[in-house]
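Heads up: the structure comes next, in structure tokens.
The values are calculated or read from the model by the stated rules, or taken from the named source; none is laboratory data. Since this is a predicted model, take the numbers as computed values, not measurements. Here the Cβ positions follow ideal geometry from the backbone for every residue, glycine too, while neighbour counts run over all protein chains shown. SASA here: full protein model, heavy atoms, side chains in, ligands and nucleic acids out. Shrake-Rupley method; radii C 1.70, N 1.55, O 1.52, S 1.80 Å.
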Amino acid sequence: GGVLLIGSIGMIYRFDRKRRKERYERDSARLQTQILRTQMNPHFIFNALNSINEYVLENNKDLASGFLTKFSRLMRLVLENSQHAEVPLEQDLECLRLYMDLERSRMQNKFDYTIEVDPVIDQATTMVPPLVIQPFVENAIWHGISRKEGNGHIKLAVVQVGERLVMRVEDDGVGRTIVAHNTSTQPPNKTSLGTTITRDRLALLAQQRGGVAGFRFVEVEQGTCVEIE
């Protein structure tokens, strides 16, 4: 009887473990298909191609060539990175630089940006989910800086806290309160969808690694700040 009981418990444990693994794989596959659709907003691609077209019509070959080179490099990196659950930090930051360079050029230098990485972090070997903070950078540009009078600034900081990696996105735009007020009567947009998928991705990562992963908004004097852990 004891042998049968132990055997039954073992079978139940293995079955539950297999079930949880299959569920994780299904959730992971579902998120991977959603990630590619949300990482690069169709409006961004449309606006980028329009900017290239304007440079061509103005016969500004240098600007057109430079913009097109960055745009094609960004698209290639996004497609490559979307096939992997994790990529080196330096590669992820390169994507963000290209994205912000293109948006900055398209918006006629309406904002500047800085990227600071903790010196103790090895950017070549530190692995992160690809473009997990891109939706927050996009939100800072489209909803924070674009609605601000005058120029703005976006700061990205990556620090190591114990065994955790904390990525901070801060802008000096109009702030979440004004954005929420202006969009309260509108249906959920791409920004909220990107935030939801990011939350799901981090939750899945926490389950896989058995640690803590998520994001939170931090109160700042001006603009918006979010910390991704």
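What the table shows:
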quantity: Hey, residue 124 without any contact (Cβ under 8 Å) to a residue 40 or more places away in the chain and surrounded by fewer than 18 Cβ atoms within 10 Å (Cβ to Cβ) or not; calculated: yes
quantity: The range 105-121: number of residues that are under 22 Å from residue 90 (Cβ atoms) and in contact (Cβ under 8 Å) with a residue 12 or more places away in the chain; calculated: 9
quantity: Test: residue in the range 130-139 that is farther than 23 Å from residue 164 by Cα and in contact (Cβ under 8 Å) with a residue 60 or more places away in the chain; calculated: yes
quantity: Any hit, the range 179-186, residues being modelled with pLDDT under 90, more than 23 Å from residue 71 (Cβ to Cβ), open to solvent by 40 Å² or more (accessible area, probe 1.4 Å) and among the hydroxyl-bearing types (Ser, Thr, Tyr); calculated: yes
quantity: Odd one out for residue 155 among (1) modelled with pLDDT under 90; (2) open to solvent by 40 Å² or more (accessible area, probe 1.4 Å); calculated: (1)
quantity: Matching entry among 86, 80 (being open to solvent by 60 Å² or more (accessible area, probe 1.4 Å) and at pLDDT below 90); calculated: 80
quantity: In the range 133-143, the residues that are closer than 14 Å to residue 217 by Cα and touching a strand residue (DSSP E or B) at 6+ places or on another chain (Cβ under 8 Å); calculated: 133, 136, 137, 139, 140
quantity: Identity of the residue in the range 89-121, of a type in the set (Asp, Glu) and within 13 Å of the chain's Cα centre (by Cα), that ends up surrounded by the most Cβ atoms within 10 Å (Cβ to Cβ); calculated: 92
quantity: Residue match in the range 200-220 (condition: closer than 16 Å to residue 165 by Cα, in a helix (DSSP H, G or I) and either at pLDDT 85 or above or in contact with a Gly (Cβ under 6 Å, 6 or more places away or on another chain) (or both)); calculated: yes
